[in-house]
């Protein structure tokens, strides 16, 4: 068996090769203010699972409830959209109290497909059936005794196998077809350019989304879109 570790952009070039592809992703972790105290637990658990698979994890915070830069779940969506659309991240792990608010916020933006993940089977089926690029977790509801075990198992199943492989496997063809149809629908319904969307939002809201302690260090080192980078610079000026 040949194992190939690639960036997301290189995977398309190997579609016709008989190899097992392990996508080497840059994963961004984003926490909002109500559950910021759990950031270290989530970050440590995510790194423990993801890094041995060849992935890189960037922690965008919040790092504690006392951070100067306070993120709401709406700003999680703005920040995630900037990271995904600029190429600064390939995948986003986020959440809020129930996970629902952050999921809705992320799905409000083009090129971000976020699933609500509560347990390991959610994680596995979302990646195998829906092949998204973000998940939102409930960090308050049901987050009690053994929560760190559930997080570990969620992340293990999230990165188990090549995304879009289908579940059950015999359903892979119609599931991939439906995913392409959904992508086409979203391309029309969310076709506005991200920078133009962000310019139409309350600029204080957007500025708050990029005000994190390590945002500039992580973002500008990995951003691949000059247009988004230039816009972000105007927010930071």
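For region 63-72, the criterion of a residue being out of contact with any strand residue (DSSP E or B) (no Cβ under 8 Å at 6 or more places or on another chain) and part of a helix (DSSP H, G or I) is satisfied by no position. Taking first residues from region 148-164 that are over 12 Å from residue 49 (Cβ atoms) and partners that are not in a helix (DSSP H, G or I), the Cβ contacts under 6 Å between residues at least 6 apart in sequence or on separate chains come to 162/21; 163/131; 164/131.
Can you tell me which residues in region 79-130 are within 20 Å of residue 221 (Cβ to Cβ) and part of a helix (DSSP H, G or I)? If the condition is that a residue be within 20 Å of residue 221 (Cβ to Cβ) and part of a helix (DSSP H, G or I), then 79, 80, 81, 82, 83, 84, 85, 86 are the ones that fit. Within region 125-135, the residues that satisfy the criterion of being within 20 Å of residue 102 (Cβ to Cβ) and either crowded, with 21+ Cβ neighbours inside 10 Å or touching a strand residue (DSSP E or B) at 6+ places or on another chain (Cβ under 7 Å) (or both) are 126, 127, 130, 132, 133, 134, 135. Can you confirm whether residue 92 is surrounded by 15 or more Cβ atoms within 10 Å (Cβ to Cβ) and either at pLDDT below 95 or in contact with a strand residue (DSSP E or B) (Cβ under 7 Å, 6 or more places away or on another chain) (or both)? Criteria met by residue 92.
Among the residues of region 62-77, the ones that are in contact (Cβ under 8 Å) with a residue 24 or more places away in the chain and surrounded by fewer than 24 Cβ atoms within 10 Å (Cβ to Cβ) come to 9 in all. Where helices (runs of 4 or more DSSP H) sit wholly within region 136-229, those with at least 3 residues that are surrounded by 14 or more Cβ atoms within 10 Å (Cβ to Cβ) and touching a helix residue (DSSP H, G or I) at 6+ places or on another chain (Cβ under 6 Å) occupy 147-158, 194-200, 203-209. For region 95-106, a residue qualifies if it is surrounded by 21 or more Cβ atoms within 10 Å (Cβ to Cβ) and either touching a residue at least 40 places away in the same chain (Cβ under 8 Å) or touching a strand residue (DSSP E or B) at 6+ places or on another chain (Cβ under 7 Å) (or both), and the qualifying residues are 95, 96, 99, 102, 103, 106.
The values are calculated or read from the model by the stated rules, or taken from the named source; none is laboratory data. Since the model is a prediction, treat every value here as computed from it, not as a measurement. Note: ideal-geometry Cβ built from the backbone for every residue, glycine included; neighbour counts use all protein chains shown.
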